[in-house]
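Accompanying notes for the structure given below.
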Amino acid sequence: MKEIEKAYEAQKYEDDIYKKWEESGVFSPQPDTSKKPFTVSMPPPNATGVLHLGHATMLAIEDIMIRYKRMQGYAALWVPGTDHAGIATQNRVETNLLEKGITRHDLGRKKFLKEVNTFVKGSRSTIRNQIRKMGASCDWTRERYTLDEGLSKAVREVFVRMFNDGLIYRGDRIVNWCPRCSSTLADDEVDYKDKHEKLYWIKYGPFRVATTRPETILGDTAVAVHPDDKRYKDMIGKEYKISGVLGDFEITVVADKEVDMEFGTGAIKVTPAHSFADFEIAQRHDLPSKSVIDEDGKMKGNCGKYAGMTTLECRKEIVKDMEKMGFLEKTEDFNHNLSICYRCKTPIEPLVSRQWFIAVDEPVIKEDGKKKTIKEKALEVVRNGDIEIIPERFSKTYFHWMENLHDWCISRQIWFGHQIPVWYCQDCNEITVATETPEKCTCGSSNLKQDPDTLDTWFSSGLWTFSTLGWPEKTKDLDFFHPTAVLETGYDILFFWIARMIIMTTYVMKEVPFEKVYLHGLIRTRDGKKMSKSDPATCIDPLDMIEQYGTDALRLSMVIGSTPGNDLRLYEEKIAGYRNFVNKIWNAARFSLMNIEEEAFSTEFDPQKHIKSRADKWILTKLQYLIKDVTNDMEKFRYSDAGTKNYNFTWCELCDWYVEFSKGKHLNPVVLLYVLKNVLKLMHPFVPFVTEVLWGHLQEEKMLIEESWPVFNKKLLFDKEVEEMEILHQIISDIRSVRAQYSVEPAKKIHAVVYAGKYTEFLKKNMAPLRRMARIGSIDILEKGDKLEKAVCVFVSDIEVYLPLNELVDIEKEKKRLMKEQENLQGFKEQLEHKLKNKGFIDNAPKDIVEKEKKRLEETEKSLKKIKGQLEQL
């Protein structure tokens, strides 16, 4: 056969192989009722054009899923796409324009969106290339984009349906406002950071109140106390005039059970327009609201001399004025969580604003004669098992978040995205909600203006599983491939995306979007820190790693050792280590193929004709158990276990044992080839490139990606022969261990005496491989005999193996060496014991250093015990 190169060079093969896969059409399944569907919707990367390790992990795991199911005969569809990512993409383009001294307002909406679309076109091309580089076998003929024509139609259709069902409304509510992005944010788009601030204690008429934001006093309309607080019992319901920095103002005292009597004085000031908690209090007690901070984060014109200041400037000035006027009682240091924008990290400003919302507590879903809210339905499908979350512990997190979900603010004050399909008549003020631009309103006026706001990005991506398959049209793809099988993504977007897909799909489709949710963890640095794009020292670029080590190595490094929902530490040396793993696969196959004759490639394996030895039966049995175990692991999403078992079998059992054992006249090329083919199939989902290259050397008609997954075959189990072979392996391993223990040179052949009992005939028949693999010159295999003196004895089952010491070492010379080593170790042990008895060292040394010294002492004691045993033998 053709010589296989000694080393695998990934860069030489990967692009050509991917092109061959893609052009073959194997990525593009068709609706086929003779097959079961298996669909995965790729979490769409943002159109900002950068593939990070989170995406790479997602692509590796999902490609394993898809390749496995494709080989099992499923119509396996993996739908790729990109998300327009409204705020993130607009911010990116605005930043690029600012470098030229241009703002979006200089361009106007139409020209600015043209700039954004040009940027997105280039970045989507970059993303496609990056996804291909990861070996992702997704169906590019079905690629989608959250702003393409079909998905835009779906978005408008859902908005109109929800509006007509009373689920979407426009109202004045308090929202998370980002002054930098000039837009609202959903609750789960808000991040938090620890902030050391001041807590100001203020004389407030007959009250004493505490606040971290004294500037909001200008918007106070009430004081709230607990209804059971006896201190304020006679004040509830009364109005008081409070002296402030801008003169007197009136407040009402209300009783509210949400007030904590134990915090401070038990009385809190209420600023309904600038605090979520205060807004809720105001809603419950019908309190007025006074807005004093604008959308730029500055004080409004109703704030007297503070008008136009930023909130921080105003805080500084108000504190000074309160001190002068005697209102400031004291100041304390205070730690709290500051709300910041998840995109630009600017502090959030809670503001009352007119926005569009989805009412999550409005009962509109009709089932069994009852009406349920979309929130109740989203909880129900996870509780009753229609959707399984892996790992299960995240179900509790999902329930907690969903149960505490408030109305979802879906409008954003940005230009890039799905513009809200609502038109306002400039003549009669009528509102028209429609899927297409209306020509006129009901009064006959064509003077219509569309709402300038866009929809939250998560609104459109919440429709991803069904809109990408053609909805609202009734397509064959939608009918056959939906619901999808698995949604695989990082646990950090459980609320952002997964929960919204469940809400939107159960409402629109009356079915779940997916049957299982597989959550992978975050990728962290060697030290467990979160990787940051702003810190090049910690951030690994997956494309750089592919260039250096190959895609298969990167994929393995993100899968082996990982478990669902748990973070994974990744660093370059680890990826380099898995390149060695890939090279071992190459070498194992190359080694096997070098031992296969040409005629074996055209011979179909027939168990009746081709099984010739116990070794054949052993490797075939081991292969069947491997197929069974790996398939079971794959079904249970234990990809790390499956990949490790594949590797261990290939390197240890196939190469180290079977090929070595069967060398020369004992080699069975037909069995070896049969085993190798199955191993390549089992490994293909994990390392698709190297296995496809190796498959190309096997003279097969089909590519490996098109082959069938191996099936467990009970007829190829030979447990008796396996037991015998395992004993032979153990004998060889134990003899090798003794040789290593006594530092016997590899070339030196030694004598052995074996009392084999019932295994006597078996070992005599396999004397040749035993002698060759254990480096034995002469061997006596007897049924039984007397114990040999001055010999090392190892026991395997009922078998006794004696290795005369004079065959292994110069006894006197070895005794002197061991005694010298014993003396050195004893001295080292005493030093460690002295150090660990030193109270100063124990109390002052870092804990990890103390633990390290304890471990060294433990290892030294083990070494001394081992030397003592060797001296006793000598």
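Restricting to bridges with both residues inside the chain, how much of the DSSP beta-bridge set is antiparallel, in percent to the nearest 5?
Bridges in the chain are about 70 percent antiparallel.
Pulled fully out, how much extra length does the chain show between GLU380 and GLN450, if you take 0.36 nm times their separation in residues and subtract their Cα-Cα distance?
21.5 nm
At R0 = 22 Å, how high is the FRET efficiency between TRP651 and GLN699 if r is their beta carbon distance? Nearest 0.05 is fine.
So the FRET efficiency works out to roughly 0.35.
How much of the accessible area of the chain, in percent, comes from carbon and sulfur atoms when a 1.4 Å probe is used?
47
7 Å from Cα along Cα→Cβ at both GLN11 and HIS336: what's the point-to-point distance in nm?
Result for the modelled spin labels: 5.6 nm.
Suppose the chain between THR103 and CYS344 were pulled fully straight at 0.36 nm per residue; how much longer would it get relative to their current alpha carbon spacing?
85.0 nm
Using the crude model of +1 on Lys and Arg Cβ and -1 on Asp and Glu Cβ, and no other charge, please compute the dipole size for the range 351-470 relative to its Cα centre, in debye to 20.
Approximately 160 debye in magnitude.
So what's the angle, to the nearest 10 degrees on a 0 to 90 scale, between helix 149-164 and the longest Cα principal axis of the chain?
Its long axis makes an angle of about 50 degrees.
Given a Förster distance of 25 angstrom, what is the FRET efficiency for LEU871 paired with LYS837, based on the Cβ-Cβ distance and rounded to 0.05?
0.35
For a label point 7 Å from the Cα of GLU239 along Cα→C-beta, name the residues of the range 194-231 whose backbone N is under 16 Å from it.
220-223
Once the dipole of the chain is set up with Lys and Arg at +1 and Asp and Glu at -1 on Cβ about the Cα centre, which of PHE394, HIS684, SER602 lies farthest towards its positive end?
Value computed over the given set: SER602.
Working out 0.36 nm times the residue gap between ASP248 and THR432, then minus their Cα-Cα distance, what length gain in nm do you get to one decimal?
So the chain would gain 61.7 nm between ASP248 and THR432.
Just how large is the dipole of the range 637-780 about the Cα centre, in debye to the nearest 20, putting +1 at every Lys and Arg Cβ and -1 at every Asp and Glu Cβ?
Charge dipole of the range 637-780: 520 debye, to the nearest 20.
Run the simple label-point estimate for GLU599 and MET261 please: 7 Å along Cα→C-beta, distance reported in nm.
So the two model labels end up 9.7 nm from each other.
How would the range 35-117 be classified by its alpha-carbon gyration tensor: rounded, prolate or oblate, with rounded meaning a/c under 1.5 and the a/b versus b/c comparison settling the rest?
It comes out prolate by the Cα gyration axes.
Charges at C-beta only: +1 for Lys and Arg, -1 for Asp and Glu. How large is the resulting dipole of the chain about its Cα centre, in Debye rounded to 20?
1540
Calculate the spin-label point distance for ARG180 paired with ASN566, positioning each point 7 Å from the Cα along the beta-carbon direction, and give it in nanometres.
Placing both labels 7 Å along Cα→Cβ, they lie 3.5 nm apart.
Can you give the accessible area per residue of the chain, in Å², using a 1.4 Å probe?
Here the residues of the chain average 47 Å² of exposed surface.
Please identify which residues in the range 704-727 have an amide N closer than 14 Å to a label point set 7 Å out from the Cα of LYS628, following the Cα→Cβ vector.
711-720, 722-723
Can you report the principal axis dimensions of the chain using only the alpha carbons, biggest first, rounded to whole angstrom?
Answer, in whole Å and largest first: 109, 74, 60 Å.
Treating the angle as unsigned and between 0 and 90°, give the value, to the nearest 10°, between the Cα long axis of helix 311-325 and the longest Cα principal axis of the chain.
60
Using alpha carbons only, how many degrees (0 to 90, rounded to 10) separate the axis of helix 10-24 from the longest principal axis of the chain?
70
The values are calculated or read from the model by the stated rules, or taken from the named source; none is laboratory data. Everything numeric in this text was worked out from a predicted model, so none of it was measured. Ideal geometry is used to build each Cβ from the backbone, glycine not excepted, and the neighbour counts take in all protein chains shown. With ligands, DNA and RNA removed, areas are computed over all heavy atoms of the protein, side chains included. Shrake-Rupley method; radii C 1.70, N 1.55, O 1.52, S 1.80 Å.
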